[in-house]
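The values are calculated or read from the model by the stated rules, or taken from the named source; none is laboratory data. The structure displayed is predicted, hence computed values, not measured ones. Note that we place each Cβ from the backbone using ideal geometry, even for glycine, and neighbour counts take in every protein chain shown.
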Amino acid sequence: MKPIVEIAKEAGINPSSLIPYGTDKAKVPLDVLNIQTSRRGRLVLVSALTPTPAGEGKTVTSIGLAQGIRRLGKKVALALRQPSMGPVFGRKGGATGGGASTVQPATDINLHFTGDFHAITAAHNLLAAVLDNQLHFKQTRLAPDKVLWRRALDVNDRALRELRLSTGTGDERTGGFDITAASEIMAIICLANSEEDLRARLNRLVVGFAPDGSPVTAGEFRITGSLMALLRDALLPNLVQSAEGVPTFIHGGPFANIAHGCNSVLATRMALAHADYAVTEAGFAFDLGGEKFIDIKCRQSGLAPDAIVIVATVRALKMHGGANLEDAANSSAQGVDAVLKGLPNLIQHVEAALSFERPVIVAINRFANDTEAELAVLRDACAAMSKSGDARQRRVFYAESQAFEKGGSGAEQLAETVLQCLGEPTPLQFTYPEDVSAKEKIEAIAKRFYGAAGVAFTPESERKLALFEEAGFARLPVCVAKTQNSLSDDPTAFGRPTGFTITVRDVELAAGAGFLIALTGKMTRMPALPRIPAAEKINLRPDGVITGISGT
């Protein structure tokens, strides 16, 4: 790795402006962005088809694509999410890419990094503690049975999902923990555009309701100054580098299945201000992260992608085509028929991405054990999509990527394809207008992105929607919490299911972040560990080196 001051110089940032965390990572003050807003690079959004549990290499492809653009002689930067320690110690074992396409220092980034997650956790729980303290002393108009604010922790722990909390006066109320990635303060950090905006969002955060049904905001608890003190450094984007020296702004880490799934607006703007091309990603598949990137992040920030990359793999298509999940993950057998049957899942995501009238590039992420026959089926399908439909509407391209094995050189074909398809920017059309009801917004998302026939609302979700709309929050966009394993809300329904109904069982309010959260199926905002968590494979050697974290 190069010293971080050299990476800053390459990006056009004065090293004296940095707040260093050692020699390999640093915070970037916001005045750097204010000084250099004249440059506006082209923004490339990377998402994927519905993945297998192991993931399809979306981060690897993002990093490899940026490294490929750099090899073509272009100035490029990355804007990525910070990993949560929940999945690091849970199923994934790390989230900094892999092989020859990683961001470094991977071990630090996957663990404590610069302390952003800890600061967000502390701020979230300080508000929870003060809230309960004022309930105890009867210093708030908040009704104990109408508290919405839970607690947060950056760990997968199913035992903390629901708890009985004592108010200290003999009464009890229901509470529990969400993972820090699902905290509204995480979403606020990722959507705020300045310290002033952060303060305003924290003040208008709704923690619950009074007996008369009026919303109670965090600002009423008189601790916004303390929250700002805890979050001072967490608001600043982090600068690191890719394995090939691409400047990388890593900041924020909301999940896309239970939150809005994008890195911070500030980090994305930093990347755009310091490069001709900025590559960013949106979590899981396009039906989750991609939709929220556009309908929430872009709507609030004014950002807009110039191109959309959809990562596709043979193993995911085999899974969606009915192959045994273990076989699909290992790609251990010939599966031409399974690939053919799984293609409708990819087509659904491509069609949804095309609806935003941006060029869509399918990145075929090759694995070493993919067979030529399987790859040929995928290439032929991509070629067919690129030739079908109205030429003005159906701008589909494709390229293969071997970014894991070869780094930037393995993604040059993809990089060339992306750069060649970029045209003049066009206005971004969102999925729904602001002035329709929350139900109509959810239905628009479900039909366009999931292929659902309709949406059903439980009595509890109906009650919450009525409460939030009466309180004046009807115009907010909607963040749908849905399984990442299927286009539907049934995690076992692979492929491209049809005729299904999405069930919204509950609705939550994130007024500070600026959206409603629709909980579908069995989604919970506190994940659980798998049967054999990655934590069992991570170790500290006598020489001080940490092993077992992916991307290291």
* Structure fact -> Considering residues that are farther than 30 Å from residue 318 by Cα, assigned to a helix (DSSP H, G or I) and touching a residue at least 60 places away in the same chain (Cβ under 8 Å), the number found within segment 443-499 is 2
* Structure fact -> Residue set 304, 323; condition modelled with pLDDT under 95 and farther than 14 Å from residue 398 by Cα; output residue 323
* Any hit, segment 63-79, residues being among the β-branched types (Val, Ile, Thr), over 19 Å from the mean Cα position of the chain (by Cα) and assigned by TED's automatic domain parsing to the domain that holds residue 354 -> yes
* Asked: Would segment 105-115 turn up any residue that is out of contact with any Ser or Thr (no Cβ under 7 Å at 6 or more places or on another chain), of a type in the set (Asp, Glu), in a helix (DSSP H, G or I) and crowded, with 22+ Cβ neighbours inside 10 Å?
  -> no
* To do: Could you identify the single residue in 54, 66, 11 that is touching a residue at least 24 places away in the same chain (Cβ under 8 Å) and touching a Ser or Thr at 6+ places or on another chain (Cβ under 9 Å)?
  => 66
* Among residues of segment 528-544, those that are in a loop (DSSP other than H, G, I, E, B) and either charged (D, E, K, R) or within 25 Å of residue 54 (Cβ to Cβ) (or both), counted -> 9
* Asked: From the list 88, 46, which one is assigned to a helix (DSSP H, G or I), β-branched (Val, Ile, Thr) and surrounded by 24 or more Cβ atoms within 10 Å (Cβ to Cβ)?
  -> 88
* **Residues of segment 178-228 classified as outside any loop (DSSP other than H, G, I, E, B), in contact with a Leu (Cβ under 9 Å, 6 or more places away or on another chain) and of a type outside the set (D, E, K, R), total** => 22
* Can you spot a residue in segment 518-527 that is of a type in the set (A, V, I, L, M, F, W, C), within 29 Å of residue 324 (Cβ to Cβ), touching a residue at least 40 places away in the same chain (Cβ under 8 Å) and assigned to a strand (DSSP E or B)? -> no
* To do: Determine whether residue 507 is touching a residue at least 12 places away in the same chain (Cβ under 8 Å), crowded, with 23+ Cβ neighbours inside 10 Å and within 24 Å of residue 349 (Cα to Cα).
  => no
* Of the conditions (1) in contact with a helix residue (DSSP H, G or I) (Cβ under 9 Å, 6 or more places away or on another chain); (2) touching a residue at least 12 places away in the same chain (Cβ under 8 Å); (3) not assigned by TED's automatic domain parsing to the domain that holds residue 66, residue 222 clears all except one; give me its number. => (2)
* Starting from segment 95-122, take each residue that is at positive phi and list its partners that are charged (D, E, K, R) and crowded, with 21+ Cβ neighbours inside 10 Å, counting only C-beta distances under 9 angstrom and pairs at least six apart or across chains. => 113/25
* **Unique residue being small (Gly, Ala, Ser) and touching a Phe, Trp or Tyr at 6+ places or on another chain (Cβ under 6 Å) when the list is 79, 95, 54, 66** => 79
* Structure fact -> The number of residues in segment 129-172 that are part of a helix (DSSP H, G or I), touching a residue at least 24 places away in the same chain (Cβ under 8 Å) and among the hydrophobic types (A, V, I, L, M, F, W, C) is 4
